[in-house]
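Taking it in order: structure first as structure tokens, then the write-up.
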Amino acid sequence: MEINFWNIDASTLFKNLQSQPTGLDEATLLVKQQESIPKNKRRSDFEKTVRLFIKQFSSPLVLLLMVAIVLSAIMGETTDVYIILFILLSTGLLSFWQEYNAGKIVEKLQSLLQIKSKVIRGGHECIVAASEVVSGDVIKITAGDIIPADCLVFETNELHINESALTGESFPVRKEIGVVDADTPLAKRTNSLWKGCNVVSGTGKALVVDIGSDTVFGKISESTDRATITSFEKGITHFGIFILKITVILAVFVLIVNIAFHRPLMEAVLFSLALAVGMAPELLPAINTIAMSAGAKRMLQQKVIVKKMSSIQNLGEVNLLCTDKTGTITNGEISVSGIYDIFNHSSDFVRHLARLNAHYETGYSNPIDEALKKLPVNTIGTSLIGEVPYDFTRKRLSIGVQMPTERLLISKGALTNILEICTTVYIKDGQLKPNPVIQIVTDDAIEEVKGQTRPIEQYQDIIQKQFELFSSQGFRVVGVCYKKIDNDAIDTTLEKDMVFAGFILFNDPVKSGIALSLQKLRNMHVNVKIITGDNKNIAQYIGSQIGIINPIIMTGSDLEALPSSELNKKVKHVHIFAEVAPNQKEHIIEALQTSYTVAYMGDGINDVAALNRADVGISVDNAVDVAKEAADFVLMEKDLGVLAEGILQGRITFANTLKYIFINTGATFGNMFSVAVASFLLPFLPMLPKQILLTNFISDFPYLAIAGDEVDTDDLKHPGKWDFKLIRNFMIVFGLHSSFFDIVTFLTLYYGFKADETIFQTGWFTESVMTELLILFIIRTRKSMFKSRPGKYLFWFSLLAVIFTLIVILTPLSNELGLAIPNKEILWAIAGILVLYVITADMIKIVFFKRNK
């Protein structure tokens, strides 16, 4: 809807959209849903399938070869044209089928993580997928929600929105009801919500106006590519460009040599292009996609949902995990352990205040309020006046309650943030009695005044001692305060001159199997650091519970005092970061990234910046929407054991992708170099273009099974690492090794057996195919190939490729491909060369990787 809705009052807009504050009626909703289909519908399955198929043949080298084939057909070489086209089509179809299946896995994963929205329709609340929200819908929003569409706010309570994704403004924007000028800049439209932004704090209701591509976010998405590139993808791109340069240089060189030797021009062009297609790592994008989808499928079996496929490789590189303690280190099942006044007495009065505060809370659902709601409470004669929702700046929740005889503002939150708004302290009736659970020495000089309040300054030491003692025993401490009010509306200005009532103690015990999970990660050479907003006493207690002796703890205030250069050095030695503000989490991750590949695990609004900043962001299935949206992976169970399995699968995917790169650079580069040498020495082409392409097709067939190959246990003990220098050195060493045996082959054929053109091409075709198939089994493991078992599909696909090769050279089919059935002596000679090739390649490989460990 192309209107400046922020310049229209809510009642008029409701009328224009055929809606009302209770939502769309059923008849109007059906019409709206039909109208919205074109806006929300993605490309049809058929269109996506066609695009994927065309992509298999869109390589510049393949396109050049196709042009050359057409020219060859015009010149009358129709048999070769059909054969070459058949080979190209078969290769493309093979790659297409694998990528198509990989895409289906991705779609399944995406369907598991649909963002939901709370919508009011016909006066009833319901939960629908964000993509199903239509213009005219009324949505309810609370902290952690992602805005599903562009909307006009018509009801708000301390609603603050993070709009940085659109405006670049880092501070949340307060939203208010009203009308603003039509030409007001987007960042100042305080009555509007924008798709893709998220709720930081507060609650509200809004009328949906624009959806899909009509939203501000949708228009930006159409004109820009918002995808981020991982470090592995950068490495792959660098490698692809490197190989392409070598391919072009060698192909042009071979073309020039063949023309210089007065060989037919079209034959020389076809030969050079076929050589370039065979050398280029054209399967690399497909292998990468297939490997990632196979990894994603395996991860799903381990209860890890992959949101961003490209991050699987990064997960394989992770060597540091940063996590909050709640639900990861601890059970995440918070319970109330006690409620006390400042003198350590169990207090029914404080309990009543705390329970009322939790009972009437309507904003962001959290474990603390859920635990308090389990306690009995008498709400007869009470009602809600209003609330100021919790946010991560104030760190408190305030509720206005109408009591039977008076009105109270009740606040609870982090002790420090509660104390800063208190000027007095509540003194309970009765004599001081020692608490049987937790002992503390009180100031005997303090005279308790029955049912009265005293200035808080007199009790600061007692409050602090209580707090430190509770924290040192592992309890999470929340403060409670109150005051009498006369107001009809509640806002932050009332949070002052309050009376401190006491403490609520929450217990969240350490998980029973956490020590084993941490040890498993350590065995995988993944360090773990805890980042928490809890105070350092709790952090130290938790550290001791999970086996960290004398943990090194750094607080948020310590962080503020350190310059960046010094921070980068010190963070490496810290075990636990405590009393950390949300914005400091991002700085910690950034400092750690100078030494580690960092994964961050979080599930709250305050974790979003850190999730975005980390190399790998991990959230959980019950996290707030904005945290799940920011994450690369979502765990179905918040368990480090599950995460360890996910990291393991990431390493398997990483390792299998590198196998193709090593194999491609080894054998293929060697063959290319050999052809360049052969072009100088032979009076004919060492292989025909169709034979080169057939060699490429046969070797590609089992390569597509690499994604599911077994990976040696030793290769999974350490994080993967993209090392371009290692790949380049490998290419040189194994390329020259492969070339050596190629040259031995053609010297044996040409000078030893005096082979003619057809027999020579047959012998070299056989040796080239077999070496490319054998190198797969040699390079797939860093141990001796005889000590590592390959994946079953890799083995059987390779066996089929060998059988097909034998059929090609030992049956009449060889004539159509320009080959001939070789005699036994030649076959035995090639077999001997292959045996020596395997033995020497396996030995060189072991030495190479030991020196480059």
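The values are calculated or read from the model by the stated rules, or taken from the named source; none is laboratory data. The shown structure was predicted, so the numbers you read here are calculated from the model rather than taken from an experiment. Here Cβ is always computed from backbone atoms with ideal geometry, including for glycine, and neighbour counts include all displayed protein chains. Calculation scope for accessible area: heavy atoms of the full protein, side chains included, ligands and nucleic acids excluded. Shrake-Rupley method; radii C 1.70, N 1.55, O 1.52, S 1.80 Å.
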Mind listing whichever residues of the stretch 149-199 are buried (at least 24 other Cβ atoms within 10 Å of the Cβ) and of a type in the set (Phe, Trp, Tyr)?
none
Flag if Asp615 is modelled with pLDDT under 85 and acidic (Asp, Glu):
no
Failed item, numbered, when Gly202 is tested on (1) open to solvent by 10 Å² or more (accessible area, probe 1.4 Å); (2) part of a strand (DSSP E or B):
(1)
In a loop (DSSP other than H, G, I, E, B) and modelled with pLDDT of 90 or more: does that describe Gly196?
no
Which members of the stretch 706-758 meet the condition of being touching a Gly at 6+ places or on another chain (Cβ under 9 Å), at pLDDT 90 or above and of a type in the set (Gly, Ala, Ser)?
Ala755
Is the stretch 516-528 home to any residue that is assigned to a helix (DSSP H, G or I) and within 30 Å of Thr453 (Cα to Cα)?
no
When the residues of the stretch 740-756 are filtered to those that are open to solvent by less than 50 Å² (accessible area, probe 1.4 Å) and of a type in the set (Ser, Thr, Tyr), which remaining residue is farthest from Leu834 (Cα to Cα)?
Thr748
Count of residues meeting criterion [farther than 23 Å from His718 by Cβ, among the hydrophobic types (A, V, I, L, M, F, W, C) and crowded, with 22+ Cβ neighbours inside 10 Å] in the stretch 546-590:
6
Can you find a residue that is assigned to a helix (DSSP H, G or I), modelled with pLDDT under 80 and of a type in the set (S, T, N, Q) anywhere in the stretch 294-310?
no
Run down Ile312, Ile329, Ile339, Ile305 and say which single residue is of a type in the set (Val, Ile, Thr), open to solvent by less than 10 Å² (accessible area, probe 1.4 Å) and more than 30 Å from the chain's Cα centre (by Cα).
Ile339
As an exercise: evaluate Leu681 against (1) in contact with a Leu (Cβ under 6 Å, 6 or more places away or on another chain); (2) surrounded by fewer than 24 Cβ atoms within 10 Å (Cβ to Cβ); (3) more than 30 Å from Ser90 (Cβ to Cβ) and give the number of the one condition it does not meet.
(1)
